[in-house]
């Protein structure tokens, strides 16, 4: 276990180094320009090398079950410095943020979209109790904790939220780093997009906001402040929205669409 853990640390440092050497890359596609961050390349490298066909010899030790369990269990400790950075980014722009504070609060209602739109679609695709875990939110730590406490992760609901958590971990940051610049080029205001990056996931927010900064570098402080404030509010208010609005509404819609399923 200890030797495999050392392999994991060395591998992580190597991936970070390679990703930083690649740096930010801008790919023009027609009239659009997609920005790819070092984070995207780091995720892509670890995803590819994590495929079963590569898990032999050294890579099998790096991707051992103990290392994978350790990484998922203690990810929160890596995110704590990022949370501190949120506060530092918010403070200089606090006056401007307070002026549009009601927008941030209303934005929380957008979290109900996974229930109002995602749940019916999931049921149409054939999911049943799995849809409850998969559509309660974007499947990050808050939803994972709620579903695991209420249903356990061995339940159908638990499998649903775990599936979304894994997909979000693998592809979330990549999607957000690409999607934000596209919306910017379509004419959306950078402040609105900065707010929208705070979806409750540190990696997704970082990827999206960094992509926006790369496109509009002179508004870096505003983008990071709006993104950080949105992320903080989502992390705080999102829990109450999930428990008191999303979960009851989800149960109501589920019972209406899937009658006779307990």
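The values are calculated or read from the model by the stated rules, or taken from the named source; none is laboratory data. All values derive from a computational prediction rather than experimental measurement. Here the Cβ is made from the backbone with ideal geometry for all residues, glycine too, and neighbour counts use every protein chain on show.
Condition check ((1) assigned to a helix (DSSP H, G or I); (2) more than 30 Å from residue 123 (Cα to Cα); (3) outside the structural domain of residue 146 (by TED's automatic domain parsing); (4) more than 18 Å from the chain's Cα centre (by Cα)) across all residues:
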residue: 178; (1), (2), (3), (4): yes, no, no, no
residue: 184; (1), (2), (3), (4): yes, yes, no, yes
residue: 187; (1), (2), (3), (4): no, yes, no, yes
residue: 204; (1), (2), (3), (4): yes, no, no, no
residue: 212; (1), (2), (3), (4): yes, yes, no, no
residue: 222; (1), (2), (3), (4): yes, yes, no, yes
residue: 245; (1), (2), (3), (4): yes, no, no, yes
residue: 250; (1), (2), (3), (4): yes, no, no, yes
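Restricting to region 123-143, name every residue that is under 19 Å from residue 175 (Cβ atoms) and buried (at least 20 other Cβ atoms within 10 Å of the Cβ).
134, 135, 137, 138, 139, 140, 143
Condition test on residue 237, is it surrounded by fewer than 17 Cβ atoms within 10 Å (Cβ to Cβ), farther than 22 Å from residue 125 by Cβ, at pLDDT below 85 and over 15 Å from the mean Cα position of the chain (by Cα)?
Yes; evaluated as a whole, the condition is true for this residue.
I'm checking my understanding of the structure. Among residues of region 144-154 that are crowded, with 17+ Cβ neighbours inside 10 Å, modelled with pLDDT under 85 and over 13 Å from residue 246 (Cα atoms), which one is farthest from the chain's Cα centre (by Cα)?
We begin by selecting, within region 144-154, every residue crowded, with 17+ Cβ neighbours inside 10 Å; these are 144, 146-148, 151.
Among the residues that remain, those that are also modelled with pLDDT under 85 are: 144, 146-148.
This time we only want the ones that are over 13 Å from residue 246 (Cα atoms), so: 144, 148.
Numbers: 144: 13, 148: 18 Å.
Once the filter is applied, the top-ranked residue is 148.
Does region 102-122 contain any residue that is modelled with pLDDT of 80 or more and more than 20 Å from the chain's Cα centre (by Cα)?
Yes - at least one qualifying residue is present in region 102-122.
Please work out if residue 8 is at pLDDT 70 or above and part of a helix (DSSP H, G or I).
Details: at pLDDT 70 or above: yes; part of a helix (DSSP H, G or I): yes.
Spelling it out, residue 8 is indeed at pLDDT 70 or above and part of a helix (DSSP H, G or I).
Starting from residues that are in a strand (DSSP E or B) and under 24 Å from the mean Cα position of the chain (by Cα), keep the ones in region 12-59 and report whichever is modelled with the highest pLDDT.
Taking the candidates together, the pick is 25.
Let me spell it out: the conditions are (1) closer than 24 Å to residue 27 by Cβ; (2) surrounded by fewer than 22 Cβ atoms within 10 Å (Cβ to Cβ); (3) modelled with pLDDT under 85, and residue 210 meets all of them except one. Which number is the exception?
With respect to (1) closer than 24 Å to residue 27 by Cβ; (2) surrounded by fewer than 22 Cβ atoms within 10 Å (Cβ to Cβ); (3) modelled with pLDDT under 85, residue 210 is out only on (2).
In region 171-193, what count of residues is obtained for those that are under 25 Å from residue 132 (Cβ atoms), at pLDDT below 80 and touching a helix residue (DSSP H, G or I) at 6+ places or on another chain (Cβ under 6 Å)?
Adding up the residues that qualify gives 1.
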